[in-house]
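The values are calculated or read from the model by the stated rules, or taken from the named source; none is laboratory data. Being a predicted model, the structure only gives us computed values, none of them experimental. Positions of Cβ are backbone-derived with ideal geometry, glycine not excepted, and every protein chain shown enters the neighbour counts. All accessible areas refer to the heavy atoms of the entire protein, side chains included, with ligands and DNA or RNA removed. Shrake-Rupley method; radii C 1.70, N 1.55, O 1.52, S 1.80 Å.
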Amino acid sequence: MATPSFYHPSLDEQDSIVNLSAAEASHAVSARRLKVGHKVRLFDGLGLVAYGELSTAARRTVAVSIKSFERLEKPNKRLTIAVASPKGDRQKNMLDMLTQLGVSDIIPLSCEYSITKFNDKVREKWQRVVIEAAKQSQNPFLPIIHKNISLNDLISDTSKTVLVANAGGQSILELNFPLEELIVVVGPEGGFSDAEFDLFENSTITSIALGGHILRTEAAAVAAAAQFNVFKL
């Protein structure tokens with residue numbers, strides 16, 4: 001069984017005792033039923049991981065005695081998913097799986113046919129979801145949740161390679177140019193408009209196919225991340 005993992009954004013390699021936040025303490029004691037002496041793993045979401053054991057275990061006060069640290073380097077190949085937000089619980093499912101698959105950045109995208117609105121409250125919810133997913137999957141790096149951006153601004157403001165998920169495209173595994181810093185654009189349920197397809201064409205953006213069927217937004221985002229992981233190998 002994996003060592004229980006908890007998020008501590010201010011983790012420092014000089015720490016000998018770490019007090020968990022009230023929310024993480026409650027999770028440790030109430031949800032995980034941990035007691036003094038239980039071994040735990042802490043992470044800051046930026047690659048620093050600490051290993052220790054509980055020295056105090058109360059409902060809202062949990063202290064961890066640190067035994068060792070590990071500093072992990074960010075992967076050389078990094079994937080950003082720029083995605084039109086799906087509806088309801090499908091957002092949570094998408095974020096959970098993208099975090100498990102190690103996506104480095106998630107950009108909420110405004111498209112002509114977008115239905116779901118993205119705001120600061122939604123962004124906070126997304127952040128909570130990726131933290132829980134990182135804890136479960138023991139991913140030491142939290143994906144960065146960016147502010148909402150228009151498709152045009154995304155394409156004009158980045159120097160990274162941009163690909164667009166489109167059933168008529170080629171496999172990501174068949175691409176023959178460097179993909180160290182990659183953005184995959186995933187559109188809304190209604191697809192991209194003619195003007196947006198013109199934008200892709202005028203910007204010479206390559207289309208990639210993610211399967212043999214038309215995928216929902218969240219399925220396309222996850223499929224892109226899974227295929228990128230195969231590419232990294």
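Quick notes on this structure:
- Hits in the stretch 1-25 - residues which are more than 15 Å from residue 43 (Cβ to Cβ) and touching a residue at least 24 places away in the same chain (Cβ under 8 Å): 16, 17, 19, 22, 25
- Identity of the residue in the stretch 9-51, part of a strand (DSSP E or B) and among the β-branched types (Val, Ile, Thr), that ends up surrounded by the fewest Cβ atoms within 10 Å (Cβ to Cβ): 17
- Looking only at the stretch 192-205, residues that are crowded, with 16+ Cβ neighbours inside 10 Å and either touching a strand residue (DSSP E or B) at 6+ places or on another chain (Cβ under 6 Å) or of a type outside the set (A, V, I, L, M, F, W, C) (or both) come to 3 in all.
- Number of positions in the stretch 112-144 that are touching a residue at least 40 places away in the same chain (Cβ under 8 Å), touching a strand residue (DSSP E or B) at 6+ places or on another chain (Cβ under 8 Å) and hydrophobic (A, V, I, L, M, F, W, C): 5
- Selection within the stretch 73-93 - open to solvent by 10 Å² or more (accessible area, probe 1.4 Å) and outside any helix (DSSP H, G or I): 73, 74, 75, 76, 77, 78, 85, 87, 88
- Of residues in the stretch 168-187 being open to solvent by less than 20 Å² (accessible area, probe 1.4 Å) and either assigned to a helix (DSSP H, G or I) or modelled with pLDDT of 80 or more (or both), the one farthest from residue 91 (Cα to Cα): 172
- So residue 223, is it in contact with a strand residue (DSSP E or B) (Cβ under 9 Å, 6 or more places away or on another chain), over 21 Å from residue 112 (Cβ atoms) and crowded, with 18+ Cβ neighbours inside 10 Å: yes
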